[in-house]
Amino acid sequence: MPQPKKQRNTPIIRIWNEEKSHQGDRMLKPRMSIVGLILLVLLLPTVAFASIDVYFSLVGDPERAIIEELNKTRKSIDIAMYYFTDRDLANAVIDAHNRGVRVRVYLDKEQKEAKYSKSRYLAKQGITIRYSSNSYLMHHKFAVIDNEVVITGSYNWTASAGERNNENLLVIRDPPSASIYEQEFHRLWGEHYLSEEKVEAPAQELKPLEQQPQAEKVVYITKTGKKYHRLGCRYLRKSCIPISLTEAKRRGYTPCSICNPDP
C-alpha cells in the first residue's frame, strides 16, 4: 500500500505558516490588553486609597504626626507598645478617651513598674492597661486607629525616641493592613497578658449642671514663645507644656492665630 506523501516545507509554505503565526500573536495581544485593563479596574479601588507617610526622628517630627492622628480618632485606639513614657502622647490618648473613644493599651511587663512609664498615669484616667505575658520582650511598637490607620516603625512612644535616637515611623492609611494589625492586637489582648490595670472613677452624686464644677480648659505653651496653643499645633514641635487657660492669660500669653485654641 503506497505511503502518503509528506508535505515539503517549501519556502513559500514556510512563509505562509509564519504569517499565520504572526496574525495569531496580533489577535492575542489585544485580548491580553483587555484582560489586563479589566484587572486594573477591579484592583484599583483597593490600591488607590492606601497611603503611607514616613517620618524620621531628629530630622522630622514623628511625635507631632502621632498626636495629629490621635486627635482625629473617632471610634477606637488600640496600642501595643514596648515603652510608653512620652507625656504629650499620653495626654493625646487621654484626650481621645475623654471624647468617648475606646482606648486599649498593651505594654511590655516591665512597664508596670518602670519609673517613667505612663501606664499608671493612663490607668488613673480610666484607660484599661494590660501587660504582656511574654517572658522575654513584647517588642511591638504599633497602634491601630479606627480600624483604618496603622502607626508603626522603630519609634517607641518615648521622649528619647523623638529627641535623641535615630528612629523611623510609618503612618499607613489602609484598612486591609489595619485589619491584619488588629488581629495581632486581639490575639495578644485576649490570650497573652499577665494582669490588667484600670482605676475606676468614684461614683459621684449628680448635681444640676449649673452646680457642677467646670473643668479648667488646658492649653499648651512652648519654652520660648508667648502664644498658647491647641494640642497638635505645628508650633509645639520642640516643646509642649500644658497649662490652664486662666494661668496662660495671667502670664500674658496670647492665642495662636494658626490653631485658634480659644473656644
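The values are calculated or read from the model by the stated rules, or taken from the named source; none is laboratory data. Keep in mind that this is a model prediction, so the values were computed, not measured. Every residue, glycine among them, receives a Cβ derived from its backbone with ideal geometry; neighbour counts consider all protein chains shown.
General remarks:
- When V54 is tested against (1) at pLDDT 95 or above; (2) over 21 Å from T152 (Cα atoms), exactly one condition is not met: (2).
- Candidate set from the range 109-157 (those that are of a type in the set (V, I, T) and in contact (Cβ under 8 Å) with a residue 60 or more places away in the chain); member that is farthest from Y83 (Cα to Cα): V149
- Scanning the range 56-91 for residues that are under 21 Å from S179 (Cβ atoms), part of a loop (DSSP other than H, G, I, E, B) and not charged (D, E, K, R) yields a single hit, T73.
- From the list I38, I12, the one residue that fits, being at pLDDT 55 or above, loosely packed, with under 15 Cβ neighbours inside 10 Å and assigned to a helix (DSSP H, G or I), is I38.
- Breaking point among (1) in contact with a Gly (Cβ under 9 Å, 6 or more places away or on another chain); (2) modelled with pLDDT of 95 or more; (3) buried (at least 17 other Cβ atoms within 10 Å of the Cβ); (4) not small (G, A, S), for D61: (2)
- Some residue of the range 96-114 being over 14 Å from the mean Cα position of the chain (by Cα), acidic (D, E) and crowded, with 20+ Cβ neighbours inside 10 Å: yes
- For E191, the conditions (1) under 22 Å from the mean Cα position of the chain (by Cα); (2) more than 24 Å from K124 (Cβ to Cβ); (3) of a type outside the set (F, W, Y) are fulfilled apart from (1).
- Residue in the range 115-147 that is surrounded by the most Cβ atoms within 10 Å (Cβ to Cβ), counting only those that are hydrophobic (A, V, I, L, M, F, W, C) and assigned to a loop (DSSP other than H, G, I, E, B): I127
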